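The values are calculated or read from the model by the stated rules, or taken from the named source; none is laboratory data. Keep in mind that what you see is a predicted model, and the values were worked out from it rather than measured. Here the Cβ positions follow ideal geometry from the backbone for every residue, glycine too, while neighbour counts run over all protein chains shown. Heads up: the accessible areas ignore ligands, DNA and RNA and are worked out on the full protein's heavy atoms, side chains in. Shrake-Rupley method; radii C 1.70, N 1.55, O 1.52, S 1.80 Å.
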Amino acid sequence: MFDLIVKGGTLPDGRVADIAITGDRIVEVGRVQAEARRVIDATGDLVSPPLVDPHFHMDAVLSYGLPRINASGTLLEGISLWGELRETATVDEMVARALRYCDWAVSMGLLAIRTHVDTTPDHLRGVDAMLEVKRLVAPYLDLQLVAFPQDGLYRTRTGRENVIRALDKGVEIVGGIPHFERTMEEGAESLRDLARMAADRGLMWDVHCDETDDPLSRHVETMAREVTRHGLGRRAAGSHLTSMHSMDNYYVSKLIPLIAESGMTAIPNPLINITLQGRHDSFPKRRGLTRVKELQAAGVTVGWGQDCVLDPWYSLGTADMLDVAFMGLHVAQMTHPEEMARCFRMVTEDNARIMGLDDLGLRPGARASLMVLDAANAVEALRLRPDRLVVISNGRVVSEKARNDSRLTLPGRPATVRRRKDG
Ligand code: FE2
């Protein structure tokens, strides 16, 4: 007798299988004959590992309009507005906004999030708030925290010290923002410093790296060198990497093999970078997304990150990683069926790999975290961004939703139900 069986669903690789769950583990995947306390019929539905977001800013989430909207729409005005908000927002306010967002996330099947926490202010209220949120959501959502010196490691008097204080408080990933340091040299030095910090403490490392349209912002080169030097491999991730969009092709032909050699991963954030980058251009306007397909072709694991929802940098967002993948697919022109399927894997399997969540997946022994989508397959899931009918986290059903079909009563036509999906 199993606790739960999800019956007859279509897996992202096209197999039709039952998934049997006991406790917080998947026990069987295939044709399951035994009984269960609860059986969920997923016939004709897509059953997938959960969505994962490897790049987010939960200390700022759902703060759109505070203290006022970002009128220019630029990264720099966003940073300036956030600089005001972080001085007035209380721990309780940040916890409440973040928990509300986590509820949205769970209902969307998003069960793991890596969030960068601004360590610039000496009060570290954002760090305290996010550590509390991590504790509260731990039973159902994996929240990883990055010590993120938003205003630069060396550009403020206590920038470096506060990163260390945050790590000592329990933040588990080292951050960085080399392109925002005062000079290229200080940016490179910050990377050497932070890589040592991550290596010495045995931590992961995730850097906001080259989030600029300047083709000469080449900090990713230094980052890859430090990842190789310390053997960090996929424990290190380069977030954004937007300057690669504008770099000279000859230089990139040297750079990508160095990134691949290091084993580091890459996290572009298409919703944000398609809106924030290229703002200094007239026409043509650059897209400001890193070279996704080219990195993947070299063997680099590339995920899609969400970055922001309703905050000083981004005025929309629904906590749906399928929206993120949908935008990424368009901007990176990943339109071949295999590329579209890859985009779905990027927001599930590849993002889990980037976050080191190796016990997620639809196989016996894996953690019983998955979702049932009202779509026939992974590509249709991207087309429809459909309802998450059931979300299961660590063996427990944490969200359920009725199908959202339309009832048509057209003059001269029999009443019909229009199902959104084709399958
Ligand atoms: Fe970010």
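Key figures
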| item | result |
| --- | --- |
| Lone qualifier among 416, 348 - being crowded, with 16+ Cβ neighbours inside 10 Å and outside the structural domain of residue 39 (by TED's automatic domain parsing) | 348 |
| Leading residue by the ranking (farthest from residue 58 (Cα to Cα)) among those in segment 303-337 that are part of a loop (DSSP other than H, G, I, E, B) and open to solvent by 50 Å² or more (accessible area, probe 1.4 Å) | 336 |
| Sole exception among (1) modelled with pLDDT of 95 or more; (2) within 16 Å of the ligand (Cβ to nearest atom) for residue 95, by number | (2) |
| Tally of residues being more than 16 Å from residue 196 (Cβ to Cβ), open to solvent by 10 Å² or more (accessible area, probe 1.4 Å) and not in a loop (DSSP other than H, G, I, E, B) across segment 145-167 | 1 |
| Any pair with Cβ under 7 angstrom, 6 or more apart, that starts in segment 177-206 at a residue that is closer than 19 Å to residue 241 by Cα and ends at one that is of a type in the set (Asp, Glu) and assigned to a helix (DSSP H, G or I) | 191/226; 192/226; 195/226 |
| Qualifying residue in segment 216-236 (condition: at pLDDT 95 or above, hydrophobic (A, V, I, L, M, F, W, C) and open to solvent by 10 Å² or more (accessible area, probe 1.4 Å)) | yes |
| Residue check, residue 212 open to solvent by 10 Å² or more (accessible area, probe 1.4 Å) and in a helix (DSSP H, G or I) | no |
| Pair list, Cβ under 6 Å, 6 or more apart: segment 388-411 residue touching a residue at least 24 places away in the same chain (Cβ under 8 Å), other residue aromatic (Phe, Trp, Tyr) and assigned to a loop (DSSP other than H, G, I, E, B) | 393/140; 398/140 |
| Qualifying position, being assigned by TED's automatic domain parsing to the domain that holds residue 114 and either touching a Ser or Thr at 6+ places or on another chain (Cβ under 9 Å) or of a type in the set (D, E, K, R) (or both), among 328, 288 | 288 |
| Subset of segment 266-302 that is assigned to a helix (DSSP H, G or I), touching a residue at least 60 places away in the same chain (Cβ under 8 Å) and not aliphatic (A, V, I, L, M) - its residue that is nearest to the ligand (Cβ to nearest atom) | 273 |
| Spans of strands (runs of 3 or more DSSP E) in segment 13-74 with at least 1 residues touching a residue at least 24 places away in the same chain (Cβ under 8 Å), away from the ligand (no atom under 16 Å from the Cβ) and within 23 Å of residue 319 (Cβ to Cβ) | 36-41, 46-48, 51-56 |
| Filtered residues of segment 98-126 (kept if assigned to a helix (DSSP H, G or I), away from the ligand (no atom under 16 Å from the Cβ) and open to solvent by less than 40 Å² (accessible area, probe 1.4 Å)) | 102, 105, 106 |
